[in-house]
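Let me begin by presenting the structure, written as structure tokens, before commenting on it.
We did not get these values from a lab; they are worked out from the coordinates using the rules stated. What you see is a predicted model, and the numbers here were worked out from it, not measured in a lab. All Cβ positions, glycine included, derive from the backbone under ideal geometry; neighbour counts span all protein chains shown.
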Amino acid sequence: MTVDPRLFCILREFSDVAVTDFVTSTENLRDIMGLDSMLLVELQLRIEDEFGVVFDPTVHDLAQIFLDIDNLNAFVQAHVDGRNRKLGG
């Protein structure tokens, strides 16, 4: 699955990690980016604003979603695609 370029741009707002490091690393995304809990919340809000998705910790396993770029991208794409289907797009 191709990672949405907007997602890469958002991640770069929160870290100076090279895009290739997001894709090739086996480390936890939070560790790669050096995110503390407050920055993670800010990142979540930024992604919600950009993509219109909602991270609900009562429904979603946020640790799993933010495990790596593939999981985060899959979550975002699934919710964006689902919303587009509902809208007829």
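A few comments on the model shown:
- Listed residue (78, 55, 18) projecting farthest to the positive dipole end of the range 5-86, Cβ model: 78
- Taking amide H as placed 1.01 Å from N in the peptide plane, the amide H of residue 68 sits under 5 Å from that of 29, each at least 5 places away or on another chain.
- The chain: relative contact order as a whole-number percent, Cα under 8 Å and 6+ apart: 33 percent
- Degrees between helix 5-14 axis and first principal axis of the chain (Cα, 0 to 90, nearest 10): 40 degrees
- Mean-square fluctuations from a GNM of the chain, with a 10 angstrom spring cutoff on Cα atoms, peak among 64, 77, 44 at 64.
- Relative to the globular-protein estimate of 2.2 N^0.38 Å, the Cα radius of gyration of the chain stands at 1.05.
- Tail beyond 17 Å, pair distance distribution of the range 21-69 (Cα, percent): 36 percent
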